[in-house]
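Following: one structure in structure tokens, then a few remarks.
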Amino acid sequence: MKFDLQQFLTVSFTLFAVIDAIGSIPLFISLKVKMGGIREFRATIISGLFMVGFLFVGKPFLSLLGVTVSSFAVGGSIVIFLLGLEMVLGHEIFKDDKNARAGTVVPIAFPVIAGSGTLTTVMSLRADFDEINILLGILVNLVLVYIVLKSLRLIERVLGEAGLIAVRKFFGVILLAIAVRIFSSNVGEFGK
């Protein structure tokens, strides 16, 4: 187990693309309003625990439950699809709970930050990269996630109400497309 700059950068950029904290800003803002706030540090730590846990015990854990990686990805894609649908249509699917503590775990930490795509990516990276480089890549991405979550109030002010609505609807469509991609690339495994 040794540090390798090339591996670290590859892992970091791969996770950056999959987690997509920047692209999730409209969703974070929408969920923050709906839940009455987000516990940023807690969401970041819980997401990190999910990722590190899946790095070391993801496949055995899913096997123990009788769940394949593909079925796990399909389940996560359905939740992401529903979140995107809610953003585009403006109809509430996930009921207001005004409980920032509960919302921090679901849906913020899972499946938005550490969703099925992120967790399956972490498990897949283990085949080609040293654990230390994956752990450091996870850490760098968690710092970015925390900065994004802490900056939501500033981003809301900059965009304004009309800007937020437009961005929310646009990224809702993006979320729908991501969910469909994850679903379609994994649903074929059910027949095998």
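Since every read-out is calculated from the coordinates, none of them should be taken as a lab result. Source: prediction; values computed, not measured. Positions of Cβ are generated from backbone atoms using ideal geometry, with glycine treated the same way; all protein chains shown enter the neighbour counts.
What you get for region 5-184, charging only the Cβ of Lys and Arg (+1) and of Asp and Glu (-1), is a dipole of about 360 debye around the Cα centre.
In order along region 34-50, phi translates into HN-Hα couplings of 5, 9, x, x, 10, 8, 4, 5, 4, 4, 5, 5, 5, 4, x, 5, 4 Hz, rounded to whole numbers, per the Karplus curve 6.51 cos²θ - 1.76 cosθ + 1.60 with θ = phi - 60° and x for Gly and Pro.
Structure remark: mean-square fluctuation, Gaussian network model of the chain, C-alpha springs under 10 Å; the largest value among 28, 13, 110 belongs to 13. Of the residues 58, 75, 160, the one that moves most in a GNM of the chain with alpha-carbon contacts below 10 Å is 160. Between the listed residues 103, 56, 10, the Cα displaced farthest toward the positive end of the dipole of region 5-184, a dipole computed from Cβ unit charges relative to the Cα centre, is found at 103.
Classification of region 99-149 by its C-alpha gyration tensor yields an oblate form. The axis ratio a/c (a ≥ b ≥ c) is 1.5 or more, and b/c is at least a/b. By the beta-carbon count within 10 Å of each Cβ, the least crowded to most crowded order of 24, 151, 71, 63, fewest first, is 63, 151, 71, 24. Computed over all pairs of different Cα atoms, the Kirkwood value for the hydrodynamic radius of the chain is 17.1 Å.
By the count of other C-beta atoms within 10 Å, a proxy for reagent exposure, 150, 32 are ordered fewest to most as 150, 32.
For the chain, what is the number of Lys pairs with C-alpha distance below 25 angstrom, counting only pairs 8 or more positions apart or on separate chains? The result is 15. Rounded to the nearest Hz, the phi-derived 3J(HN,Hα) couplings of region 17-23 under the Karplus curve 6.51 cos²θ - 1.76 cosθ + 1.60 (θ = phi - 60°) are 5, 6, 5, 6, 4, 5, x, where x marks glycine and proline.
Classify region 148-188 as rounded, prolate or oblate, taking a ≥ b ≥ c as the square roots of the eigenvalues of its Cα gyration tensor: rounded when a/c is under 1.5, otherwise prolate if a/b is larger than b/c and oblate if not. It comes out oblate by the Cα gyration axes.
Among 45, 138, a tally of other beta-carbon atoms within 10 Å of each Cβ gives an order, fewest to most, of 45, 138. Rounded to the nearest 500 deg cm²/dmol, what is the calculated helix-only ellipticity per residue at 222 nm for the chain, with -39500 (n - 2.57) per DSSP H run of length n ≥ 4? That calculation yields -25000 deg cm²/dmol at 222 nm. Whole angstrom only: what separates the Cα centroid of region 113-174 from the Cα centroid of region 8-71? Using only Cα atoms to place each centre, the spacing works out to 8 Å.
Have a look at 124, 26, 180 and report the one farthest towards the positive end of the charge dipole of region 5-184, computed about the Cα centre with Cβ charges (Lys/Arg +1, Asp/Glu -1). My answer, from the dipole projection, is 26. Axis of helix 69-89 versus longest Cα principal axis of the chain: the two differ by about 10°, to the nearest ten degrees.
For the options 114, 21, 127, a Gaussian network treatment of the chain with springs between C-alpha atoms closer than 10 Å singles out 127 as fluctuating the most.
Evaluating 6.51 cos²θ - 1.76 cosθ + 1.60 at θ = phi - 60° for every residue in region 139-154, the Karplus couplings come out as 4, 4, 5, 5, 4, 5, 4, 4, 4, 4, 4, 5, 8, 4, 4, 5 Hz, glycine and proline recorded as x.
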